[in-house]
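Everything below concerns the one structure shown next.
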Amino acid sequence: MAKIPPPLWLLAEVTHSCPLQCPYCSNPLDLVPKKDELDTEGWLKVLHQARKMGAAQLGFSGGEPLVRKDLEVLIAEARKLGYYSNLITSGVGMDAARVEKFRELGLDHIQVSFQADDATLNDYLAGTNAFQHKLEMARAVKASGYPMVLCFVIHRQNTDRVAQMLDLAAELQADYVELATTQFEGWALANRDHLLPSLDQVREAERIAHACQETYKGKMKIYYVVPDYYEKRPKACVAGWGRVFLAVAPDGLVLPCHSARSLPNLELHNVRDHDLEWIWYESKAFNYFRGEDWMKEPCRTCDEREKDFGGCHCQAFKLTGDPTNADPTCAKSPHHHLIEQAIDTTRLNPSNSKPLLFRKRQNNTNLS
């Protein structure tokens, strides 16, 4: 196996608590309770160890990271350590004064997420009245001197409003807009029949996104990625397992990707018991899908294996029961029919009788 590079990107999932109930949430169905979360000292240790290893980019995520009352402490320490830090947030739990405090402490980047461009649909999907506050927070972020970064998570319930989403982004003077296609993990997988867009919807959304990329060229950058269910080739999971990215879950479990706790036989380790350097270089979990020894056909002899590294192992496990199978989104996978069946199910039954499952609401106060 080639020499293992150091991690460059740390995702700190500081909590699973969240005031929203989005049915497309990628958090696991079994959410980490507040009482099991790392305390402030635990997270400071994580930041120090990852930076010492070479991690340069840091994302504060959740759940909703704003519910952590010690978030300012973590942001300040990240600045001292030299991270480029990013807050990934719904905006709920923030006001203009807190935005300004984050800027003073050295937070580099705030990404505000929306469920839709319309208050009724946004608040339905969020499970709470959040749209107006999101607008206020987007404006506060811009006014504080941050680049305006917006994220719209798109799926069958809102894909037909991509044009209106981009109109809203332009109105808010966004610098960057991510049209983030739902990834079917966690709650999103449980709601796939409600969320998987049709091929016609995907084609129209892509057409609109490309047209707006030209319209707003030089003013607003727009990122749109076709859902992997329709691309015929899988995406490289977090740039390749154990190559660039590591995540630390709210309870301190260290993950090669944010969904990896669902995989069997990984022997995942916790920062309470081992340091990050040992986990990254030596643990079975992080070495499990490094290299090519784990690969079966058709991945083993595929001339594209160094592009996608077999795709998403969590997706392979969720859909086939074996994480070493080729990601079913790949047209070369012997399990690709499972993707075709999912698409057909959505196409033939667009109004699914199974109710939409909203993410469980957790206690939104964290005193650590």
**Fill in**
Just one listed residue, out of ALA190, ALA236, is at pLDDT below 95 and within 22 Å of THR345 (Cβ to Cβ), and it is ALA190
**Request:** Those residues that are under 18 Å from ILE88 (Cβ atoms) and part of a helix (DSSP H, G or I), I need them from region 110-134; list them, please.
**Result:** ASN122, LEU125, ALA126, HIS133, LYS134
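Among the residues of region 194-216, write down those that are touching a His at 6+ places or on another chain (Cβ under 9 Å), in a helix (DSSP H, G or I) and over 18 Å from GLU178 (Cβ atoms). Spell out the reasoning first.
Just the residues of region 194-216 that are touching a His at 6+ places or on another chain (Cβ under 9 Å), to begin with: 194-197.
Pick out the ones that are also in a helix (DSSP H, G or I) and you get 194-195.
Selection gives HIS194 alone.
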**Fill in**
For region 336-347, pairs from a residue that is farther than 12 Å from LEU196 by Cα to a residue that is part of a helix (DSSP H, G or I) and hydroxyl-bearing (Ser, Thr, Tyr), with Cβ under 8 Å and 6 or more apart or across chains, are LEU338/THR320
**Output for region 110-135, where each listed residue is crowded, with 18+ Cβ neighbours inside 10 Å and more than 20 Å from CYS18 (Cβ to Cβ)** = ASP117
**Message:** With acidic (Asp, Glu), farther than 30 Å from LYS318 by Cα and open to solvent by less than 60 Å² (accessible area, probe 1.4 Å) as the only criterion, which of GLU100, GLU171, GLU104 stands out?
**Reply:** GLU100
**Item:** So GLU41, is it over 30 Å from ALA163 (Cα atoms) and free of Cβ contacts under 8 Å to residues at least 40 places away in the same chain
**Value:** yes
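Of these, TYR216, TYR223, TYR176, which one is of a type outside the set (D, E, K, R) and in contact with a helix residue (DSSP H, G or I) (Cβ under 8 Å, 6 or more places away or on another chain)?
Values: TYR223 fails: in contact with a helix residue (DSSP H, G or I) (Cβ under 8 Å, 6 or more places away or on another chain); TYR176 fails: in contact with a helix residue (DSSP H, G or I) (Cβ under 8 Å, 6 or more places away or on another chain).
Going through TYR216, TYR223, TYR176 in turn, just one is of a type outside the set (D, E, K, R) and in contact with a helix residue (DSSP H, G or I) (Cβ under 8 Å, 6 or more places away or on another chain): TYR216.
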**Request:** Sort out which residues of region 43-78 are touching a Gly at 6+ places or on another chain (Cβ under 9 Å), open to solvent by 10 Å² or more (accessible area, probe 1.4 Å) and farther than 22 Å from GLN21 by Cβ, and write them in order of number.
**Result:** ARG51, ALA56, ALA76
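Scan region 174-192 and tell me whether some residue there is part of a loop (DSSP other than H, G, I, E, B), more than 29 Å from PRO234 (Cβ to Cβ) and over 17 Å from the mean Cα position of the chain (by Cα).
Looking only at region 174-192, we keep the residues that are part of a loop (DSSP other than H, G, I, E, B), and these are 174-175, 182-185, 191.
With more than 29 Å from PRO234 (Cβ to Cβ) added as a condition, the list becomes 174-175.
Add one more test, that the residue is over 17 Å from the mean Cα position of the chain (by Cα), and what stays is 174-175.
Yes, region 174-192 contains a residue that is part of a loop (DSSP other than H, G, I, E, B), more than 29 Å from PRO234 (Cβ to Cβ) and over 17 Å from the mean Cα position of the chain (by Cα).
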**Item:** Cβ-Cβ under 9 Å pairs, at least 6 apart or on other chains, region 198-212 side touching a residue at least 24 places away in the same chain (Cβ under 8 Å) and among the charged types (D, E, K, R), far side open to solvent by 30 Å² or more (accessible area, probe 1.4 Å) and assigned to a helix (DSSP H, G or I)
**Value:** GLU204/ASP160
**Asked** Which residue out of ASP200, ASP228 is of a type in the set (D, E, K, R), loosely packed, with under 15 Cβ neighbours inside 10 Å and under 26 Å from ALA316 (Cα atoms)?
**Response** ASP200
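Provide a single number: the residues in region 136-160 that are in a helix (DSSP H, G or I) and surrounded by 20 or more Cβ atoms within 10 Å (Cβ to Cβ). Break it down stepwise before answering.
Within region 136-160, the subset in a helix (DSSP H, G or I) is 136-143, 159-160.
Remaining after also requiring surrounded by 20 or more Cβ atoms within 10 Å (Cβ to Cβ): 137-138, 140-141, 159.
Matching residues across region 136-160 total 5.
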**Request:** Give the residue, chosen from GLY62, GLY82, GLY91, that is in contact (Cβ under 8 Å) with a residue 60 or more places away in the chain and either under 14 Å from TRP43 (Cβ atoms) or of a type outside the set (A, V, I, L, M) (or both).
**Result:** GLY62
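The values are calculated or read from the model by the stated rules, or taken from the named source; none is laboratory data. Keep in mind that this is a model prediction, so the values were computed, not measured. Note that we place each Cβ from the backbone using ideal geometry, even for glycine, and neighbour counts take in every protein chain shown. The area values use the complete protein model at the heavy-atom level, side chains included, leaving out ligands, DNA and RNA. Shrake-Rupley method; radii C 1.70, N 1.55, O 1.52, S 1.80 Å.
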